[in-house]
Amino acid sequence: MKIAFYKYPAKAAWYKVLHHQLVCWWTHGRYSHVEVIFGRNPNGTYMCASASARDSGVRFKDINLVPEKWDIVDIRADQAQALAWFNAQAGKRYDYLAWLGFLFREVTGSKDRWFCSEAVAAAIGFSDPWRFDPNTLYTVLTRTQP
C-alpha cells in the first residue's frame, strides 16, 4: 500500500503556500497534507483518499502526484481495510477544531469529522489517530517499515 505526503515546491509564491508553510513550521517538518493511494488511473493520475479542508471533508479524488510536490511511501497495511474505512467515512466534514488541537492540545475534535493525517492513520488501523499530524505520521511510517 502507498501513502503520499504533500510538500510544496520551493519556488512557489509565498502567498500561495502560506497554509502549507504554517503547518510545516508548527509541526516541524516538510509535509502539510497526506493521502492514501488506492491505484493509478489510465491517464496517469492516482485514485487517492483523505480528508481535505479544500474539499470540505473526507473524499476520494484523482490527483496528479508529481514528485516535485509529493513523496510516496510504501507501507505494510491492509488496503481493503483502508478502502472500507474511507467508503464508510466519505462525505464526513473536515475537522477544523481538531486541527487547532495541534496549536492547543486541550482542544479535541469531533468523532464525526476528520483532518487528513487523522483519517489516514485511522484508515490504516492506528489507535488514537487524532495524535498524528502529517509529519509525525511520516516519521512513524518510515521508521517502522522494513
Flagged in region 32-54 as outside any strand (DSSP E or B) and surrounded by 11 or more Cβ atoms within 10 Å (Cβ to Cβ), in numbering order, are Ser32, Asn41, Thr45, Ala53
Leu65 vs (1) open to solvent by less than 30 Å² (accessible area, probe 1.4 Å); (2) outside any loop (DSSP other than H, G, I, E, B); (3) at pLDDT 90 or above: all pass except (2)
Looking across region 109-135 at residues that are touching a Pro at 6+ places or on another chain (Cβ under 6 Å) and of a type in the set (A, V, I, L, M, F, W, C), the single one that is most open to solvent (accessible area, probe 1.4 Å) is Ala122
Residue check for Gln21: polar (S, T, N, Q) and touching a strand residue (DSSP E or B) at 6+ places or on another chain (Cβ under 8 Å)
no
Suppose we keep only residues that are assigned to a helix (DSSP H, G or I) and aliphatic (A, V, I, L, M) within region 115-146. Which one would you say is farthest from Thr27 (Cα to Cα)?
Ala123
Please work out which residue is farthest from Arg59 (Cα to Cα), limiting yourself to region 74-95 and to residues that are outside any loop (DSSP other than H, G, I, E, B) and open to solvent by less than 50 Å² (accessible area, probe 1.4 Å).
Ala82
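Results for (1) in contact (Cβ under 8 Å) with a residue 12 or more places away in the chain; (2) farther than 17 Å from Trp114 by Cβ; (3) touching a Ser or Thr at 6+ places or on another chain (Cβ under 6 Å), shown as yes or no for each residue.
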position: Val34; (1), (2), (3): yes, no, yes
position: Ser50; (1), (2), (3): yes, no, no
position: Ser56; (1), (2), (3): yes, no, no
position: Val66; (1), (2), (3): no, yes, no
position: Asp71; (1), (2), (3): yes, yes, no
position: Asp74; (1), (2), (3): yes, yes, no
Hits in region 8-26 (condition: within 19 Å of Val73 (Cα to Cα) and either open to solvent by less than 30 Å² (accessible area, probe 1.4 Å) or modelled with pLDDT of 95 or more (or both))
Cys24
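The values are calculated or read from the model by the stated rules, or taken from the named source; none is laboratory data. Keep in mind it's a predicted model, so treat the numbers as computed, not measured. Cβ atoms come from the backbone with ideal geometry, glycine included; neighbour counts cover every protein chain shown. Surface areas here come from the heavy atoms of the whole protein model, side chains and all, with no ligands, DNA or RNA. Shrake-Rupley method; radii C 1.70, N 1.55, O 1.52, S 1.80 Å.
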